[in-house]
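Working notes for the structure below.
The values are calculated or read from the model by the stated rules, or taken from the named source; none is laboratory data. No experiment lies behind these values; they were computed from the predicted model shown. Cβ placement follows ideal geometry from the backbone for every residue including glycine, while neighbour counts extend to all protein chains displayed.
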């Protein structure tokens with residue numbers, strides 16, 4: 001059994017490794033392994049000509065089970081050798097499941113290109129991080145795409161993994177299990193669901209059935225964190241002297257306007273806190289999607305708003321870690 005100090009220590013170390021070093025690049029990155037596993041399972045199911053919702057449930061259960069089994073095997077092998085090795089492994093795995101610094105780093109080239117009036121370069125950089133058709137974006141469209149991406153992915157790439165780690169640790173204490181093991185397991189389950197959603201959670205002919213289960217699992221696991229983000233972002237906006245009350249007002253009004261039950265929560269808060277307009281009709285490779293506006297009473301954002309959004313989300317990440325640390329101490 002790991003010492004109680006391991007609970008907040010693992011999360012703190014993982015956070016600071018991510019915020020200062022970014023997402024680690026190595027062959028056996030858990031998200032890469034999960035992605036390769038999804039591709040293999042899809043290939044197998046396609047050979048059997050299985051693409052129903054039932055096949056999607058099998059795909060989701062297989063990937064979640066495989067992720068947990070592999071992690072459990074390595075965790076307890078290292079624990080039997082030396083608890084410190086196990087603690088270091090869990091820390092590195094948690095670090096690999098956070099993606100905050102990379103999220104910000106991916107939009108900085110967009111800012112630099114726009115500052116140089118290089119719309120083509122800005123579109124190219126935006127195309128690396130967004131799923132929409134960037135070739136038709138004007139300057140304002142590129143800026144909105146950047147802000148919307150970091151706002152939505154603050155929950156998916158950071159807040160949700162931290163939430164499930166903390167929730168797992170707290171629940172494990174109640175039933176007398178190893179907190180770090182349960183917390184890391186739930187973090188890994190969320191990342192598996194998130195990866196499934198990003199790879200097969202599309203409402204097109206190919207994935208509408210087989211991707212349904214993964215998308216629903218991601219929706220369920222993001223339900224609480226996306227709503228918790230309003231409180232976190234409120235504190236972050238207050239610390240940055242933005243407009244936290246406007247953020248909350250717009251979020252409570254616009255948070256359910258998107259098709260996804262979760263994605264518009266953080267986006268709409270950021271729109272209100274920065275007094276900008278986000279969303280609107282968006283062109284994807286499969287066609288134009290008539291998204292509703294978030295904060296439609298405000299003006300379109302400019303370059304400065306990208307940096308303001310980054311500062312807001314950075315402050316909110318520290319708020320998140322402080323709350324999680326206090327809950328685990």
key: Check on residue 27, at positive phi, without any contact (Cβ under 8 Å) to a residue 12 or more places away in the chain and out of contact with any helix residue (DSSP H, G or I) (no Cβ under 8 Å at 6 or more places or on another chain)   = no
key: Residues satisfying the stated conditions in the range 22-51, i.e. farther than 19 Å from residue 62 by Cα and at pLDDT 95 or above   = none
ask   = When you scan the range 4-48, how many residues do you find that are more than 21 Å from the chain's Cα centre (by Cα), within 24 Å of residue 65 (Cα to Cα) and in a helix (DSSP H, G or I)?
value = 9
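Of these, 179, 161, which one is within 28 Å of residue 106 (Cβ to Cβ) and touching a helix residue (DSSP H, G or I) at 6+ places or on another chain (Cβ under 6 Å)?
Step by step, each of 179, 161 is checked, and only 161 is within 28 Å of residue 106 (Cβ to Cβ) and touching a helix residue (DSSP H, G or I) at 6+ places or on another chain (Cβ under 6 Å).
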task = Taking the residues in the range 70-89 that are without any contact (Cβ under 8 Å) to a residue 60 or more places away in the chain and within 18 Å of residue 32 (Cβ to Cβ) as candidates, determine which candidate is farthest from the chain's Cα centre (by Cα).
result = 74
remark   = All-but-one check, residue 246 against (1) within 21 Å of the chain's Cα centre (by Cα); (2) crowded, with 17+ Cβ neighbours inside 10 Å; (3) over 22 Å from residue 130 (Cα atoms), failing number (1)
query = Just one of the numbered conditions (1) farther than 30 Å from residue 205 by Cβ; (2) modelled with pLDDT under 95; (3) in contact with a helix residue (DSSP H, G or I) (Cβ under 9 Å, 6 or more places away or on another chain) is not true of residue 82; which one?
reply = (3)
ask   = Which helices (runs of 4 or more DSSP H) sit wholly inside the range 81-169 and have at least 3 residues that are touching a strand residue (DSSP E or B) at 6+ places or on another chain (Cβ under 9 Å)?
value = 139-154
query = Are any of the residues in the range 157-170 surrounded by fewer than 18 Cβ atoms within 10 Å (Cβ to Cβ), farther than 20 Å from residue 219 by Cα and touching a residue at least 24 places away in the same chain (Cβ under 8 Å)?
reply = yes
query = more than 25 Å from residue 213 (Cβ to Cβ), out of contact with any helix residue (DSSP H, G or I) (no Cβ under 6 Å at 6 or more places or on another chain) and without any contact (Cβ under 8 Å) to a residue 12 or more places away in the chain - does that describe any residue in the range 121-141?
reply = yes
